[in-house]
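K.L.:
Sending over a structure as structure tokens; questions will come in a sec.
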Amino acid sequence: MVINFILPGYSSCPGGGLKIMYEYANRLSLMGNDVMIYHAMNVSRIKYKYPALLLYLKAKYTYFGLPDWFEFNPSVKATFINEIFDRNIRDADVIISTQWTVALDVFRLSSSKGKKVNLIQGYETWIGNDINGLYESYKLPITHIVVSDYLSDIVFKVSGVKPSIIYNSVDDKGFNIKNSIEDRNPYTISLLYSEQKFKGTKYAYEALVECHKKHPMLQVKMFGVYKKCIYISEWITYERCPNNLCSLYNSTAIFLTTSLKEGWGLPATEAMACGCAVVCTNVEGHTVFAHDKDTALLVDPKNVSQTVNSIMLLLDDNNYRINLAKRGNEYIKRFNWDMACEKMNKIFKELL
């Protein structure tokens, strides 16, 4: 098949939504499909800080197509486009979008650009601040695929049509145990730093401060895409756009995420695959793989004291931490990329 991927913008640093789309593009290419990735630098209903043409020219002459933070199959092609118009996109069998604003633009394309598919990776109320536009995208007469059960329920409630579900997966070659779970420093914690409020970093920091008071030997490793981290302390380090996340996860015993909402929670699954005991919020994007006191410890969003108690349980009882990490690591193996891509490929073929 000839498959077009239409993505919202471009990032020189890793991002969860883009990473998932790149993974599908890569693996579908390895299955023998002709794959082209289009990075759309101007998407309707989004307000940009700079003129769209300037963003397009900067991307085109600075990044040259594919980011270096993801390892692509050489057969995957990529380019930048200023706008999502027919003239900018080749004819294909299937065209797949992600993000609701992109789905609306793709829907307006000619049928020659491919059967239209939209991968919904989250309840994207924070994008564009336009709930009516979001729901409009759910009602489009195209093929919707979601990454979790709760997203399926939302789309069905709005559109009356049940979307297909393909759970996200973890690359077991890129994320695995390199340092044994038993031998890790039990007083080490990793977490994603984000300035987006719904990621809840402030609640994680408040909890970590309390834990550090009780265990001064605690070491925290934050990572993210932002130029600097606002939390400056000798027991907190920050690495921007780390080039080896697997090693970072493997250097810590615990992974913490206090997001207020998630479509899936990719870093938590990566950390599980690398042998971290996970403490995460009890939100629907986590509970597919995070089962309280079995594969992870769940805490209520914004509940700092509960987060402190869960972290302290792992710090104070090393055997509990080890067993939780092992169960989580074993459970996350069921989210397999080969199975996900086979299902995606099957959906595409059934559309033709």
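K.L.:
Considering only protein heavy atoms and a 1.4 Å probe, what is the carbon-and-sulfur percentage of the accessible area of the chain?
P.N.:
51
K.L.:
What residues have an amide H closer than 5 Å to that of PHE5, excluding those fewer than 5 places away on the same chain, when H is modeled at 1.01 Å from N in the peptide plane?
P.N.:
Those lying under 5 Å, H to H, from PHE5 are MET36, ILE37, TYR38, ILE96.
K.L.:
Right, next: I'd like the accessible area for ARG334: 1.4 Å probe, protein heavy atoms, all chains in place, Å² to the nearest 10.
P.N.:
150
K.L.:
Show which lysines lie in cross-link reach of LYS47 when reach means a straight Cα distance below 16 angstrom and same-chain residues fewer than eight apart are skipped.
P.N.:
Reachable lysines: none.
K.L.:
Could you check which residue among TRP264, TRP100, TRP337 shows the biggest mean-square fluctuation in a GNM of the chain with a 10 Å Cα cutoff?
P.N.:
Comparing TRP264, TRP100, TRP337 in the GNM, the peak value goes to TRP337.
K.L.:
Continuing with this model, one more query. Please list 3J(HN,Hα) in residue order for the range 111-128, calculated via the Karplus relation 6.51 cos²θ - 1.76 cosθ + 1.60 where θ = phi - 60°; whole Hz, with x for glycine and proline.
P.N.:
5, 5, 7, x, 4, 8, 10, 10, 8, 9, 9, x, 7, 7, 5, 7, 9, x
K.L.:
Just how far, in whole angstrom, is the range 244-272 from the range 70-87 if you go by their alpha carbon centroids?
P.N.:
Computed from Cα coordinates, the inter-centre distance equals 29 Å.
K.L.:
Among PRO14, VAL2, MET272, whose Cα lies farthest out toward the positive end of the dipole of the chain, if unit charges sit on the beta carbon of Lys, Arg (+1) and Asp, Glu (-1)?
P.N.:
Among PRO14, VAL2, MET272, the one farthest towards the positive end of the dipole of the chain is VAL2.
K.L.:
Take the Cα pairs of the range 296-352, get the Kirkwood Rh, then feed it into Stokes-Einstein at 37 °C and 0.692 mPa s and tell me D in µm²/s.
P.N.:
228
K.L.:
So how much accessible area does HIS212 have, in Å² to the nearest 10, using a 1.4 Å probe?
P.N.:
Per-residue accessible area (HIS212): approximately 30 Å².
K.L.:
Reachable lysines from LYS214, Cα under 24 Å, same-chain residues fewer than 8 places away excluded?
P.N.:
LYS202, LYS293, LYS302
K.L.:
So what is log10(I(q)/I(0)) for the range 217-352 at q = 0.12, 0.18, 0.21 1/Å, when the Debye sum runs over its Cα atoms only?
P.N.:
-0.52, -1.07, -1.36
K.L.:
Quick one: Cα centre-to-centre distance for the range 310-352 and the range 123-138, in angstrom?
P.N.:
29
K.L.:
Quote the charge dipole size of the chain about the Cα centre in Debye, to the nearest 20; the model charges only the Cβ of Lys and Arg (+1) and of Asp and Glu (-1).
P.N.:
Here the chain has a charge dipole of around 700 debye.
K.L.:
Stretch SER159-LYS227 to full length: gain in nm at 0.36 nm per residue minus the Cα-Cα span?
P.N.:
Gain on stretching SER159 to LYS227: 20.5 nm.
K.L.:
By a straight-distance test (C-alpha under 16 Å), which aspartates and glutamates pair with LYS333 as possible cross-link partners, with residues fewer than eight away in the same chain excluded?
P.N.:
ASP171, ASP172, GLU270, ASP294
K.L.:
Please list MET1, MET344 in order of solvent-accessible area, largest first, computed with a 1.4 Å probe with all protein chains present.
P.N.:
Of MET1, MET344, the descending order of accessible area is MET1, MET344.
K.L.:
When the helix-only estimate is applied to the chain (DSSP H runs of n ≥ 4, each -39,500 (n - 2.57), divided by the residue count), what is the mean residue ellipticity at 222 nm, nearest 500 deg cm²/dmol?
P.N.:
-10500 deg cm²/dmol
K.L.:
Using the 4.7 Å Cβ rule, please list in number order the cysteines from the chain without any candidate partner.
P.N.:
If one checks each Cβ against the other cysteines of the chain, CYS211, CYS229, CYS246, CYS274, CYS276, CYS280, CYS341 turn up with nothing under 4.7 Å.
K.L.:
Show the residues, 5+ positions off or on another chain, whose built amide H is closer than 5 Å to the amide H of ALA296.
P.N.:
Close amide H contacts, sequence-distant or interchain: HIS291.
K.L.:
May I pose another question? Based on Cα positions only, what radius of gyration and what Dmax would you give for the range 77-162, in angstroms?
P.N.:
Cα only, the range 77-162: 13.1, 37 Å (Rg, Dmax).
K.L.:
How many nm is it between the label spots at GLU342 and ARG108, if each spot is 7 Å from the Cα in line with the beta carbon?
P.N.:
About 4.0 nm, to one decimal.
K.L.:
Once amide H atoms are placed 1.01 Å from N in the peptide plane, what residues at a sequence separation of 5 or more from VAL170, or on another chain, have their amide H within under 5 Å of its amide H?
P.N.:
Residues meeting the amide H criterion: TRP337.
K.L.:
Please state the relative contact order of the chain as a whole percent: Cα pairs under 8 Å, 6+ residues apart?
P.N.:
Averaging sequence separation for qualifying contacts and normalising by length gives 14 percent for the chain.
K.L.:
I would also like to ask the following. Tell me the per residue accessible area of the chain using a 1.4 Å probe; a whole number in Å² is fine.
P.N.:
45
K.L.:
Can you tell which of PHE85, PHE223, PHE335 shows the greatest fluctuation in a Gaussian network model of the chain with Cα springs below 10 Å?
P.N.:
PHE85
The values are calculated or read from the model by the stated rules, or taken from the named source; none is laboratory data. Since we're looking at a predicted model, the values are computed, not measured. Ideal geometry is used to build each Cβ from the backbone, glycine not excepted, and the neighbour counts take in all protein chains shown. SASA here: full protein model, heavy atoms, side chains in, ligands and nucleic acids out. Shrake-Rupley method; radii C 1.70, N 1.55, O 1.52, S 1.80 Å.
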